[in-house]
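Let me begin by presenting the structure, written as structure tokens, before commenting on it.
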Amino acid sequence: SLASCEYCGNGFDAFPQYSQLARLVWMIKGPDFEHRRCEQIVQPPDLMPTLLRICGLPIPDGVEGKSLLPILEGKTGEPEPRLAISTWTMPTHFSKEHVFCRRPAVTDGEWTLILQEPPDPAPPELYHIGTDPKEDINLIGESPSQAKRLHREMLAWLGNMGTPAEAIDRLRRIPWPS
């Protein structure tokens, strides 16, 4: 189980998003698509715009994801820089207020930063996926500039998505190693 591998903490909101848990398999078959593996960062919000494009339908304004149809069609080119952020904001059974995930993570496909908020703050974790795909070696002390870059990009993205200001402020107050 995940708990026996120490991949999840105590409580529903302390589930860290290590790459081994966050990778999704999405397969689609059709006469116009050859078998291929996508190495680009894609996310569940990309599913709807992809299916709409396959069906020849427009993507509504305000949709967060992007169509993966060019990838499915084998079109190449420089992929745009992309982040995957695992977090959520939701009302819970014990509060009508929105609760923000205590273990948010952000990755650019090369580096993954995992944060932990109070009440049990822990130092951030940083992993280089290319050399450490199982995320065993925390490089936060060796590569603080990568961690802070991902942190800035995560805060900017959350702000653009309308995340409540108090949740973003909590992420700004994460204790960083000296």
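The values are calculated or read from the model by the stated rules, or taken from the named source; none is laboratory data. Being a predicted model, the structure only gives us computed values, none of them experimental. Cβ placement follows ideal geometry from the backbone for every residue including glycine, while neighbour counts extend to all protein chains displayed. Side chains are part of the model used for accessible areas, which takes the heavy atoms of the whole protein and leaves out ligands, DNA and RNA. Shrake-Rupley method; radii C 1.70, N 1.55, O 1.52, S 1.80 Å.
Structure above, values below:
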read-out	value
Long-range neighbours under 9 Å by Cβ, at least six apart or interchain, first residue in contact (Cβ under 8 Å) with a residue 12 or more places away in the chain within region 38-55, second among the charged types (D, E, K, R) and buried (at least 17 other Cβ atoms within 10 Å of the Cβ)	Ile41/Asp108; Val42/Lys66; Pro45/Lys66; Asp46/Lys66; Pro49/Lys66; Thr50/Lys66
Filtered residue count, region 36-71, keeping only those that are loosely packed, with under 14 Cβ neighbours inside 10 Å, part of a loop (DSSP other than H, G, I, E, B) and at pLDDT below 80	6
Region 72-91, residues that are at pLDDT 75 or above and open to solvent by 40 Å² or more (accessible area, probe 1.4 Å)	Glu73, Lys75
Filter pass, Leu139 being modelled with pLDDT of 90 or more, in contact with a strand residue (DSSP E or B) (Cβ under 9 Å, 6 or more places away or on another chain) and open to solvent by 20 Å² or more (accessible area, probe 1.4 Å)	yes
So Phe100, is it among the hydrophobic types (A, V, I, L, M, F, W, C), open to solvent by 40 Å² or more (accessible area, probe 1.4 Å) and modelled with pLDDT under 70	no
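Residue by residue, here is whether (1) surrounded by 12 or more Cβ atoms within 10 Å (Cβ to Cβ); (2) on the phi < 0 side of the Ramachandran plot; (3) without any contact (Cβ under 8 Å) to a residue 60 or more places away in the chain; (4) touching a strand residue (DSSP E or B) at 6+ places or on another chain (Cβ under 9 Å) holds:
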| residue | (1), (2), (3), (4) |
| --- | --- |
| Tyr127 | yes, yes, no, yes |
| Ser145 | no, yes, yes, no |
| His151 | yes, yes, yes, yes |
| Ala165 | no, yes, yes, no |
| Ile174 | yes, yes, yes, no |
